[in-house]
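Every read-out reported here was derived from the displayed coordinates using simple, explicitly stated rules and does not represent laboratory data. Nothing here was measured: the structure is a model prediction, and the numbers come from that model. Methodologically, a virtual Cβ is constructed for each residue, glycine included, from the backbone with ideal geometry; neighbour enumeration extends over all protein chains shown.
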Amino acid sequence: MTKEITVGDKLYDLTATLYQADGVTPVNLTGATVKFQVTEKRQAQTVLKVDGVCVVTGLPTAGTVSYTVQAGNFDVIDEYWAKFVVTYTASGKILTCHMTESLRVVKYKAVAS
């Protein structure tokens, strides 16, 4: 599955609920920081295109985060892999949650009215 994003769009939120490996139980984000990281598929996941801080929305036990897309994040038409990296401050434990869909940045043609 692929989520399409229009090239150059910015200042909108990408929101996701993070789940444990069972795919049912939300990740408890109490005492954690979360980063949104994106790499271009053709870069073999070695170069970060986006490395931004997420905001936990709602109760931390619900596992929902939001990232505000910045200028330059998706300025190239391409396909990307995205993940959320959860770091628990007290223990230093790191949990990586990969998106189940890739991101495809596209350019849409204007529609005449």
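Once both labels are positioned 7 Å from their Cα atoms along Cα-to-Cβ, the gap between Thr57 and Val7 label points is 2.8 nm. How much net charge surrounds Val105 when only other residues with a Cβ under 13 Å from its Cβ are counted (Lys, Arg +1; Asp, Glu -1)? Computed value for this residue: +1.
When you count the other C-beta atoms within 10 angstrom of each residue and take the mean per peptide, 47-57, 63-73 line up highest first as 63-73, 47-57. Counting other Cβ atoms within 10 Å as a rough exposure proxy, the listed residues Ile77, Ile94 run Ile94, Ile77 from fewest neighbours to most. Each principal axis of the Cα cloud of the stretch 2-104 was evaluated for its coordinate range; sorted largest first, these ranges are 37, 27, 24 Å. Spin-label model, Lys83 to Leu48: label points 7 Å out along the Cα-to-beta-carbon direction sit 1.2 nm apart. Number of Lys-Lys pairs in the stretch 2-104 with C-alpha atoms under 23 Å apart and a separation of 8 or more places or on different chains: 15.
A simple charge model with +1 on the Cβ of Lys and Arg, -1 on the Cβ of Asp and Glu and nothing else charged puts the dipole of the chain at about 120 debye relative to its Cα centre.
Sequence gap at least 6, Cα distance under 8 Å: using those rules, report the relative contact order of the chain to the nearest whole percent. Relative CO of the chain lands at 35 percent.
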